[in-house]
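Structure, as structure tokens:
The values are calculated or read from the model by the stated rules, or taken from the named source; none is laboratory data. Small disclaimer: the values here were computed from a predicted structure and weren't measured. No Cβ is skipped: glycine too gets one built from the backbone with ideal geometry, and neighbour counts run over all protein chains shown. Side chains are part of the model used for accessible areas, which takes the heavy atoms of the whole protein and leaves out ligands, DNA and RNA. Shrake-Rupley method; radii C 1.70, N 1.55, O 1.52, S 1.80 Å.
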There are 4 protein chains.
Amino acid sequence: MFFLFLSTNLIMTLKDFKNTKSRRKYLENQLAIELEDIKKALIHSEKEITIENLIGETTLPLGVAGPIKIQNSKLEIRNYYIPLATTEGALVASVNRGCKAINQSGGTKVFLEKIGTTRGPVYETKNLEKGFWFLNWLKKNENLIKQIAEKTSSHLKYLKFEGKVIGHYTFIRFYFDTKDAMGMNMVTFATEAINKLIKEKTGINCFAISSNYCVDKKPSWLNFIFGRGVSLWAEAVIKKEAVKEILKTSAQEIFKVWLAKNIIGSSISGSLGFNAHFSNIVAAFFAATGQDLAHVVEGSIGITTTKIENNGDLYFSIYLPSLMIGLIGGGTKLSIKQEAIKIIGAKNKEELAIVLGGAILAGELSLLASLAEGSLAKAHKKLGRTNK
Amino acid sequence: MFFLFLSTNLIMTLKDFKNTKSRRKYLENQLAIELEDIKKALIHSEKEITIENLIGETTLPLGVAGPIKIQNSKLEIRNYYIPLATTEGALVASVNRGCKAINQSGGTKVFLEKIGTTRGPVYETKNLEKGFWFLNWLKKNENLIKQIAEKTSSHLKYLKFEGKVIGHYTFIRFYFDTKDAMGMNMVTFATEAINKLIKEKTGINCFAISSNYCVDKKPSWLNFIFGRGVSLWAEAVIKKEAVKEILKTSAQEIFKVWLAKNIIGSSISGSLGFNAHFSNIVAAFFAATGQDLAHVVEGSIGITTTKIENNGDLYFSIYLPSLMIGLIGGGTKLSIKQEAIKIIGAKNKEELAIVLGGAILAGELSLLASLAEGSLAKAHKKLGRTNK
Amino acid sequence: MFFLFLSTNLIMTLKDFKNTKSRRKYLENQLAIELEDIKKALIHSEKEITIENLIGETTLPLGVAGPIKIQNSKLEIRNYYIPLATTEGALVASVNRGCKAINQSGGTKVFLEKIGTTRGPVYETKNLEKGFWFLNWLKKNENLIKQIAEKTSSHLKYLKFEGKVIGHYTFIRFYFDTKDAMGMNMVTFATEAINKLIKEKTGINCFAISSNYCVDKKPSWLNFIFGRGVSLWAEAVIKKEAVKEILKTSAQEIFKVWLAKNIIGSSISGSLGFNAHFSNIVAAFFAATGQDLAHVVEGSIGITTTKIENNGDLYFSIYLPSLMIGLIGGGTKLSIKQEAIKIIGAKNKEELAIVLGGAILAGELSLLASLAEGSLAKAHKKLGRTNK
Amino acid sequence: MFFLFLSTNLIMTLKDFKNTKSRRKYLENQLAIELEDIKKALIHSEKEITIENLIGETTLPLGVAGPIKIQNSKLEIRNYYIPLATTEGALVASVNRGCKAINQSGGTKVFLEKIGTTRGPVYETKNLEKGFWFLNWLKKNENLIKQIAEKTSSHLKYLKFEGKVIGHYTFIRFYFDTKDAMGMNMVTFATEAINKLIKEKTGINCFAISSNYCVDKKPSWLNFIFGRGVSLWAEAVIKKEAVKEILKTSAQEIFKVWLAKNIIGSSISGSLGFNAHFSNIVAAFFAATGQDLAHVVEGSIGITTTKIENNGDLYFSIYLPSLMIGLIGGGTKLSIKQEAIKIIGAKNKEELAIVLGGAILAGELSLLASLAEGSLAKAHKKLGRTNK
């Protein structure tokens, strides 16, 4: 076998190579493979790319759903296209169908609350008294903390902190407004500066600048309850005609499936996702627009609610407490991601999130309708295996 | 504003366009934007791509970490490169550093249990008696169910079911071996066939073929406890010299950070992720190899454990109960994903998962070391903003 | 202040006293208080009582609800009185009202599954390989384990085990049938014997005979999903006339409150109790019949489901996955608890549990009706402050 | 069979009886049983007792542990006896042993935060806009709400509210200071008054005055994260000599068991109780002092932390976020409960809670030591089956 001869001691380290090409070439030779597509897909200049041991790029098919008619909390109404990068057949079609039903019902209203990007360091406070003293010190010195934090970036505003003393640990959760950036790096640097201040003024050590009290990229009730990044709500009253004609089912059937699946099914499974498939739309939207894909985790948390209106229409609503998203920084810097953002036409982080909110509403509605109608398997058979 | 004039009634539906090019052109004209990169990144033929309303492809930078020395449960030892697609600076470098420390300590042992791909339909059973009767019927007719299910695909083996009667609902979780495929579509078709059989033989209706008792793409204790897809374990005893020289810290410091962050921090946050950042590595590996990105959610669940050995070495171990992964089908069909799989050299789904297990171990070790050393912010400053 | 003079060094230890009386007297003198009621309430002989540092007994008011008409899974129908010990006004009246509505609707059907009493030790297995080897060893030696375990008590049957390898830990959950006893002590002794065997045969040490993988007296998803002790289901179709006349509301209103409170409310609160107040009835029934009051915790877990039948009746159902209860042993040995058990007329543990199932159904129904009607505060004002 | 003849139609309703005696007599005759102990245990006058269908009282053995030396946050040091009502042999002895080890190490420090008693109604707000409008209305009218609420009782202070809009539901969590009472009835009445005000001023209906967003008597992450009632912390540094001589083990062994059981074991079980047995002590203390026994559920939630100090001593600490307790009202009104409170000598709710905090610390320490030493089974054999 080939790999048996690949000794870790003899081979060169990939980071020793000067450039992408030589690194890729080395791999091709070493492994006797060809990486033609990966080479071909390298459409950005190396200067644009933030990664180590670069060998090229990989791709994801990009489809577009919508437009979807969205009214934001300032009562502005706009139509948005939704770029979705996915390899799951039927997903774009599903969101698209949801958009159609929503549009025909007058559009969706989307609401957003800026919770802030959080970083949760844990400090070594030798006993409870010291922990409570430290909480108090933080409260008293919050202005100073704010100043220190905000010096680290002109784009960052310190918002608040929450704290919990647990034995000899003190967990703090700092909240920051990171403007149009998702901002995890920004808040790490700010927290580092705060930690330095704390160390100087109090002698208290930070065990770890990130303590899973953030909570970053792990599912958690803390994020469900407190929110993180932005919290998103979207709703629409789907006209009974649209339910019938576009979604091929009835409000009653969707209500029944929603209750059985999203609510009872999730309850007995110990789930934090009382929804049908938020994460599908979040993942595809994130991949298209350059978000951090590990943040799909937070985007899977939340709840869908429905109600049958007296006139037979379907009230349909979603809530995502904890969405981490940005318009600038990170992967959004890649020109190809900027193109996707231009398809949306979002001028700030909030608008970007709002469009995602509408997309999730559409996708959620369409899947529940499909389950109610019994056509899920059919759709995947048609769209998942063949090509359009 | 432009969008105010975009009426949903007047505009064409994107799916009315005959091909990718005309669809993209229409968008470019409509929105007065250019989608050059998205066009350029379309490296696959439309026949290869399973998506609706295709307009091109989007890209993700691809780096390679490793090699990492892995011993599987059959005691075979191999070295693997790890392709990672990400826009998060420092991630590849971090996994790489972890690999180095692991290799220098003799490599990692990775274990895998095939749990099976699950689909969890919910049935309408009018009362408890009917529900229990139905569970019994399923037990008695399991051979028939197996036959019917396995007729839907030559790649699928029926494994077992679990059931729960809740009032007038009966939730069933069918487990299937889907060979080298992740297999969600496959198990949906199999379950559809089972439902047809059930309906014919018992008259019992399926409310929804997927009831969140699957649990697909939502975080849940059910998946943590029962597992889903494959369950993965990896471990290494990191020599104290490697901890010192490569990771720039000590076993004691890593243990302390692990306890404060992964364990106590996650406990008080109501998290299902008692780990530092499984999801980061899962997301990058999934994007590189064509997995379903919404399955990053399941990959964020699990626990890391550490122990300081008597001789001062660091025992380090991870457990992921619920990893959904495939070598064939879905996004892996794209030629560019096959190239990444060739970099790994995985010959089946299990081997692919095992390499991911090693990569997660490496990434987890490196991040905890970085937190212990206090260099996290530093690394992100260096690698997250500039280019290498 | 008096207590400032109470030095721990000077005072006698309560266990040094020869009998209950002298111990109580000492306390009365030391603290200058009178413990007349505690003395008066000591109605059992000291021989009957299993407690250390006994000074007397304390009391709880005992009321009786019902009778309630219950059909078990063998289709036997009986009427049962329900003794409830509580200091919460309105609780007995509430259960009573529920019984009335249930009886008028033909009674309740209660189902029970014996899961078994579990003990979950954790073992030190130095690495994953050892852990998996140990799991395998347990499987191969299960007959021997069964023999050893069953030697410790003629009332105990070994059922099965489940195991989880986590790094250098192996968690095992042994299930035992403890006949009519709740059986925690019994399974501890059996597990101790098993551990001795394991140590002898494999050299593997037990870290702790109880590892919170039991899970005893703590809320947990493990118990929700696997069940523990007995799992209980109860249901009734409440006639719309009974809903109107006895419960003073409608099926629609109860459904709405159930959905808003038990299901949506619990979902967004990260609760394991998708019910209105299982624990109230469990606590009162446990106190009356001599159960371990810390097991109220497990009894708070579970879900209530409802449906509006086509004819306007209300389908109402409960599920408790994890109820720890006994007819013999522990507190049930006290003669006063046997009197309560005689009120019920339960001949075995299962029958006792079944009556509790009916009582919970009644209490749950009545409270949801009260909330729907808006009379909760009223009832507590009337029954919680005055005397009947 | 006797019960087959017990027709629900023919028998009298227990509430039709004029007094306790005739009711008990009727049951004795009907069921052909004797309720001598229940009669004998009726030591309170019927006027004192708040229950319906009273037939007597039931008893629980009462033991006393301690004294334990406690320092509160005002640095006052006192010694307290701990009355515990339980039928679990070894529990009092275990707490007692813990007290001894704590006292010999200088006592425990206990800290308390008054979170407030909460009631969480859910309102019908027809859409998101209305929900957000309502949240805003509540904020603007908080003073008025405060006035209205505080009119319902001179013992109640309105503190704050938290709210969550979920589709057409608005969940509100009102926090009240209920002085020395546990206060659930009090806050229900206050919330009823608030609801009346809301209805008058806004027309908004309350679906249910209690929505499981309280969260009362169900385990929930909401209560873990926000706290409820009072939050309690206790700690002690157990001298290594005390660990050795009294607890018969070492700090290292206790740390290992704590990590394996309380932390890793609870983590992989989806538990909210990262402790060994908080609920045991809470239940026994609650039964002794007249608390609501269903509140044992909240008392089972929380975390124990330990650390090995540099000098080999054991730092030991507990945290209970959500303890519902009262000194007046409810069951505490019974004279026999007042006697237990006098044993403690608590002058207010906080002091009562603080003593419970110390007791839990002692019980937790002792059990973990017992598990570390391997004597758990032994202790239960000795104390659980024989008499002292």
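Across q = 0.10, 0.16, 0.23 Å⁻¹, the stretch B:225-333 modelled as identical point scatterers on its alpha-carbon atoms has Debye log10 I(q)/I(0) values of -0.35, -0.80, -1.18, in the order of the q list. Once each of the GluC sites (Glu not before Pro) sitting in a DSSP loop with at most 13 other beta-carbon atoms within 10 Å is removed, chain B keeps B:77-388 as its longest stretch.
Using the Karplus relation 6.51 cos²θ - 1.76 cosθ + 1.60 with θ = phi - 60°, the per-residue 3J(HN,Hα) values for the stretch A:324-337 come to 9, 8, x, 9, 10, x, x, x, 5, 5, 5, 4, 5, 6 Hz, with x marking Gly and Pro. Ascending distances from the residue B:308 label point to its copies in the other chains, with the point 7 Å along the Cα-to-beta-carbon line: 0.7, 6.4, 6.4 nm. Cross-linked pairs B:256/C:217; B:140/B:218; B:146/B:179; C:40/D:69; D:126/D:157; A:47/B:25: Cα-Cα separations exceed 20 Å for B:256/C:217; B:140/B:218; C:40/D:69; D:126/D:157; A:47/B:25. Based on DSSP H segments of at least four residues, each scored -39500 (n - 2.57), the protein assembly as shown has a per-residue ellipticity at 222 nm of -12000 deg cm²/dmol.
At an R0 of 51 angstrom, the distance between the Cβ atoms of residue A:248 and residue C:375 translates into a FRET efficiency of 0.75. Extending 7 Å from the Cα toward the beta-carbon at both residue B:22 and residue C:40 defines two label points whose distance is 9.5 nm.
Based on Cα contacts under 8 Å between residues 6+ apart, chain D shows a relative contact order of 20 percent. From the alpha carbon centroid of the stretch B:294-358 to that of the stretch B:44-111 is 9 Å. When you filter the trypsin sites (Lys or Arg not before Pro) in the stretch C:12-42 for DSSP loop state and at most 12 other Cβ atoms inside 10 Å of their Cβ, you are left with C:18. A label point on residue C:252, set 7 Å along the Cα-to-Cβ line, lies at 1.4, 7.1, 7.1 nm from each of its counterparts in the other copies, closest listed first.
Looking at the stretch A:314-364, the trypsin sites (Lys or Arg not before Pro) that sit in a DSSP loop and have at most 12 other Cβ atoms within 10 Å of their own Cβ are A:347. Cα convex hull, chain B: 200 Å³ per residue, rounded to a whole number.
Loop-located trypsin sites (Lys or Arg not before Pro) across the stretch B:57-99 with a Cβ neighbour count of 16 or fewer within 10 Å are B:74, with loop assigned by DSSP.
For residue D:147, inter-copy separations between label points set 7 Å beyond Cα along the Cβ vector come to 4.2, 7.9, 8.2 nm, shortest first. Basic side chains Lys and Arg get +1 at the Cβ, acidic Asp and Glu get -1 at the Cβ, and with that the dipole of the protein assembly as shown about its Cα centre reaches some 0 debye. Protein-only accessible surface at a 1.4 angstrom probe places the residues C:313, C:180, A:16 in the order A:16, C:180, C:313, largest first. The 3J(HN,Hα) values that the Karplus relation (6.51, -1.76, 1.60; θ = phi - 60°) gives for the stretch D:78-95 are, in residue order, 9, 9, 10, 7, 10, x, 9, 9, 7, 10, 8, x, 5, 5, 5, 4, 5, 4 Hz. Gly and Pro appear as x. Pairs B:139/B:349; A:109/A:347; A:109/A:307: which are spaced more than 22 Å apart, C-alpha to C-alpha? Pairs exceeding 22 Å: B:139/B:349. The Cα atoms of the stretch B:6-138 cover 62, 58, 26 Å along the three principal axes, with the biggest extent listed first.
Remark: the stretch B:67-210 carries a charge dipole of roughly 280 debye about the Cα centre, counting +1 on each Lys and Arg Cβ and -1 on each Asp and Glu Cβ. Taking every alpha-carbon pair within the stretch B:109-185, the share separated by more than 17 Å comes to 51 percent.
Projected label points at residue C:140 and residue C:202, each 7 Å from Cα along the beta carbon direction, are separated by 1.1 nanometres. Relative to the Cα centre, the charge distribution of chain D, modelled as +1 at Lys and Arg Cβ and -1 at Asp and Glu Cβ, gives a dipole magnitude of about 200 debye.
Projected onto their three principal axes, the Cα atoms of the protein assembly as shown cover extents of 90, 72, 66 Å, largest first.
If R0 is 56 Å, what FRET efficiency do you get for residue C:160 and residue A:155 from their C-beta distance, rounded to 0.05? With a Förster radius of 56 Å, E is 0.45.
Closest approach of a chain D Cβ to the axis relating D and C (residue, whole Å): D:219, 2.
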